[in-house]
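Colleague: One structure, as structure tokens, below. Some questions next.
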Amino acid sequence: MANREQNFITAIDVGSAKTCALMAEVTDNGLRYRGHGVAESRGSRKGIIVELDKAVAAVQKAVEAAENVAGAALEHAIIGIGGAHIRGLNTHGGISLGTRPREIGRDEIKQAVERARSIPLPADREILHLLPQEFILDEQPGVHDPLGMMASRLEVRVHMVTAGTSAVQNVITAVNKAGVHVEDTVFEPLAAADSVLRADERELGVCLADIGAGSTDFIVFQQGAVVHTGVIPVGGDHFTSDLSVGLCTPLSEAEKIKKVYGNASVTLIPEGNEVEVPSVGDRPSRLLPQRIVAEILEPRARELFEMMRDALRQSGMYDVCIAGVVLTGGASRLPGIFDVAESVLRRPVRLSWPAPLAKMPSTLSEPEFATLLGMVNYGQRARIARGLQESGFGSRLKAMLMGA
């Protein structure tokens, strides 16, 4: 049984709307689905744990469901990290190898990356990822793997993803208290990219936007490397809240209306369509034009993509996204959101569905599970990378050998 457990890669996604657990088995033919569980999230908001006991209970429920399907214990897991506390920055560092060129080994690569990461961070922040973009050998840029090459100076450009220490530790604590050991943490869009982005998009320049319940986390790739990360503090819950206020209906009913009748584009709703809207208290339900629902949702959708457009422009990344924008996450399924995104961003936009695992039920082939599926793929690549690394090379550098 112990050997079988070592062949499992498991992931837990503690989201604002739902908590998911996934178990995959490593086989000679790749990853195979073994089991998953989904529970309604309690105690988390906008990527932050706000009530620990409720978050622990949600994780336990999702884990137990996954274990029942898999017929095995879920003891270790990769967990996703996201939310408004995430910050990304590009940094640069290097070392001199002497007056004459000599062969570059792993120790030299590690030293160069350590120089790049040695920038002061506030006490309440920690490094989630160090993602090498390129190495520079004797002022010659564009090298992806300098191992074994010759140079007298080695430099590296990296993208550093940082997170709020307390926010990360609270997610880890919730998972630990649910009886699961945390193997690794991953920025959620980085994981989602593993299941939805194509190699040509990463190379040309693309933005992946993961529209979750509490926020929209995004990541930009160019020439196969991560060049920017960011978070927009608008997600699916904001659409639901707008409907609840605008229609004067309970949040639970607003969520149902959004899923069944929602549309982010007023022009896509035929005139004359009506929606039954439950009232608050003991008041009777009302029949309202469906276009009113879209009139509430469209401004919020436009705000979301205007904020994304402005964030990309301010960071100099707007022109990088030649291949456009890829939308994933549960809220990306809102009808009409594609049209609003293209209208505001003025870039090609596509909706994405995650690549399935072998034997996986079709219910998981939805945008809201892209991060979860991406995490097990990420975990598999990390495991391969660790097997290739010499001891002491550092788990935070695994992306260097895994490729983009």
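The values are calculated or read from the model by the stated rules, or taken from the named source; none is laboratory data. Keep in mind the model is a prediction, meaning the values are calculated, not measured. In this analysis, Cβ positions are derived from the backbone assuming ideal geometry, glycine residues included, and neighbour counts consider all displayed protein chains.
Colleague: Tell me the residue from Ala57, Ala66, Ala84 that is closer than 23 Å to Leu190 by Cβ, hydrophobic (A, V, I, L, M, F, W, C) and either in contact with an Asp or Glu (Cβ under 6 Å, 6 or more places away or on another chain) or not in a loop (DSSP other than H, G, I, E, B) (or both), please.
Modeller: That would be Ala66, the only listed residue that is closer than 23 Å to Leu190 by Cβ, hydrophobic (A, V, I, L, M, F, W, C) and either in contact with an Asp or Glu (Cβ under 6 Å, 6 or more places away or on another chain) or not in a loop (DSSP other than H, G, I, E, B) (or both).
Colleague: I would also like to ask the following. From the residues in segment 87-102 that are in a strand (DSSP E or B) and either at positive phi or touching an Asp or Glu at 6+ places or on another chain (Cβ under 8 Å) (or both), which one is surrounded by the fewest Cβ atoms within 10 Å (Cβ to Cβ)?
Modeller: His92
Colleague: Here's a follow-up. Residue check: is Arg302 of a type outside the set (Gly, Ala, Ser) and modelled with pLDDT of 95 or more? Reasoning before the result, please.
Modeller: Values: of a type outside the set (Gly, Ala, Ser): yes; modelled with pLDDT of 95 or more: yes.
So Arg302 fits the description; yes.
Colleague: Assess whether Ile119 counts as being in a loop (DSSP other than H, G, I, E, B) and in contact (Cβ under 8 Å) with a residue 24 or more places away in the chain.
Modeller: Considered against the rule, which asks whether it is in a loop (DSSP other than H, G, I, E, B) and in contact (Cβ under 8 Å) with a residue 24 or more places away in the chain, Ile119 comes out as yes.
Colleague: Pairs only if they're at least six apart or on different chains, beta carbon under 8 angstrom, first in segment 25-54 and of a type in the set (Asp, Glu), second assigned to a loop (DSSP other than H, G, I, E, B); list them, first residue then second.
Modeller: Going by the 8 Å Cβ cut-off, the qualifying pairs are Glu25/Asn7; Glu40/Ala17; Glu51/Arg42; Glu51/Gly43; Asp53/Gly43.
Colleague: Return yes when Val226 is in a loop (DSSP other than H, G, I, E, B) and within 30 Å of Cys321 (Cβ to Cβ) and no when it is not. Spell out how you get there, then give the answer.
Modeller: Details: in a loop (DSSP other than H, G, I, E, B): no; within 30 Å of Cys321 (Cβ to Cβ): yes.
Here the answer is no, as Val226 does not meet what is asked.
Colleague: Continuing with the same structure: Does any residue of segment 10-19 turn out to be touching a helix residue (DSSP H, G or I) at 6+ places or on another chain (Cβ under 6 Å), in a loop (DSSP other than H, G, I, E, B) and surrounded by 21 or more Cβ atoms within 10 Å (Cβ to Cβ)?
Modeller: no
Colleague: If I filter segment 152-171 for residues that are over 30 Å from Arg100 (Cβ atoms) and out of contact with any strand residue (DSSP E or B) (no Cβ under 8 Å at 6 or more places or on another chain), do I get at least one hit? Break it down stepwise before answering.
Modeller: Pass one, segment 152-171, residues over 30 Å from Arg100 (Cβ atoms): 159-171.
Narrowing the set further to residues that are out of contact with any strand residue (DSSP E or B) (no Cβ under 8 Å at 6 or more places or on another chain) leaves 166, 169.
Within segment 152-171, one or more residues are over 30 Å from Arg100 (Cβ atoms) and out of contact with any strand residue (DSSP E or B) (no Cβ under 8 Å at 6 or more places or on another chain).
Colleague: Answer yes or no: is there a residue in segment 258-270 that is surrounded by fewer than 23 Cβ atoms within 10 Å (Cβ to Cβ), over 20 Å from the mean Cα position of the chain (by Cα) and part of a strand (DSSP E or B).
Modeller: Looking through segment 258-270, none of the residues is surrounded by fewer than 23 Cβ atoms within 10 Å (Cβ to Cβ), over 20 Å from the mean Cα position of the chain (by Cα) and part of a strand (DSSP E or B).
Colleague: Follow-up. What is the residue count in segment 229-259 for residues that are among the aliphatic types (A, V, I, L, M) and under 22 Å from Glu188 (Cβ atoms)?
Modeller: Step one: of segment 229-259, the residues among the aliphatic types (A, V, I, L, M) are 231-232, 234, 243, 245, 247, 251, 254, 257.
When the remaining residues are screened for being under 22 Å from Glu188 (Cβ atoms), the result is 231-232, 234.
Here the count works out to 3.
Colleague: Which one of Ile49, Ile79 is modelled with pLDDT under 95 and within 30 Å of Phe8 (Cβ to Cβ)?
Modeller: Numbers: Ile79 fails: modelled with pLDDT under 95.
Ile49 is the lone residue from the list that is modelled with pLDDT under 95 and within 30 Å of Phe8 (Cβ to Cβ).
Colleague: With segment 125-223 as the region, which helices (runs of 4 or more DSSP H) entirely inside it contain at least 1 residues that are in contact with a Phe, Trp or Tyr (Cβ under 8 Å, 6 or more places away or on another chain), touching a residue at least 12 places away in the same chain (Cβ under 8 Å) and surrounded by fewer than 22 Cβ atoms within 10 Å (Cβ to Cβ)?
Modeller: 199-204
Colleague: Something else: Quick one: count up the residues across segment 342-373 that are small (Gly, Ala, Ser), in a helix (DSSP H, G or I) and touching a residue at least 60 places away in the same chain (Cβ under 8 Å). Show your work before the answer.
Modeller: Quick first cut of segment 342-373, residues small (Gly, Ala, Ser) only: 343, 352, 355, 358, 362, 365, 370.
So of that shortlist, the ones also in a helix (DSSP H, G or I) come out as 343, 362, 370.
Okay, now just the ones that are also touching a residue at least 60 places away in the same chain (Cβ under 8 Å), so 370.
Qualifying residue count for the region: 1.
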